[in-house]
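These notes are about the structure you will find just below.
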Amino acid sequence: MSRGNYTEGKRQRDADKARKKRDKAQRRAMRRERGPGGEEFTTAEEITGDLPSSEEALRTMQARASAPRAAATIPCRLFVGGLSWDTSEETLRKAFEPHGPIADAVILKDRATGKSRGFGFVTMQNRKDATKAIDALNGSELDGRSLVVNVATAR
């Protein structure tokens, strides 16, 4: 490969680097010319920019305060153990739906056989609904098996 055979990106980076170096040298020269006592003057408009008036800012704040706020829902992942091998994700979802909206329902399967491993996870969209579901479904029966339902923890 011969010298000077650079890609366009390399040339652009080198040009940017050289431009920055020239700009820095110009700024340094301007500071030297100004000397130690040289002060820069700025106007209030330069500092504040395009800020709203105090009346406009107050109206905006009042409008935001009067707007109805919805509490952010915090999802909660539940561990569901003791599942029958015949239980499907749809059956699991239907069992939890009466207790609140569900984001996700998953049953873990064996990689080799593809059969259920007997447990899964349900993600409720709201923590309050998750506690209701735990109280209602822990120890209950689904597809002939007693369920174990509690909050999922990290490994």
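Points to keep in mind about this one:
- Residues located in the range 116-134, provided they are in contact with a Phe, Trp or Tyr (Cβ under 6 Å, 6 or more places away or on another chain) and modelled with pLDDT under 90: Ser116
- All positions within the range 65-84 that are surrounded by 11 or more Cβ atoms within 10 Å (Cβ to Cβ) and assigned to a loop (DSSP other than H, G, I, E, B): Thr73, Ile74, Pro75, Gly82, Leu83, Ser84
- Of all residues in the range 124-152, those satisfying the criterion of being part of a strand (DSSP E or B), surrounded by fewer than 16 Cβ atoms within 10 Å (Cβ to Cβ) and either in contact with a Cys (Cβ under 6 Å, 6 or more places away or on another chain) or of a type in the set (S, T, N, Q) (or both) are Ser146, Asn150.
To keep it simple, each residue is scored yes or no on (1) loosely packed, with under 15 Cβ neighbours inside 10 Å; (2) outside any strand (DSSP E or B).
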| position | (1), (2) |
| --- | --- |
| Asp86 | yes, yes |
| Thr91 | no, yes |
| Phe96 | no, yes |
| Ile107 | no, no |
| Arg111 | yes, yes |
| Gly114 | yes, yes |
| Val122 | no, no |
| Ala154 | yes, yes |
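- Whichever residue in the range 73-97 is touching a Leu at 6+ places or on another chain (Cβ under 8 Å) and among the β-branched types (Val, Ile, Thr) and, among such residues, is farthest from Leu137 (Cα to Cα): Thr87
The values are calculated or read from the model by the stated rules, or taken from the named source; none is laboratory data. In this text the structure is predicted, and so the values were computed from the model without any measurement. Cβ atoms come from the backbone with ideal geometry, glycine included; neighbour counts cover every protein chain shown.
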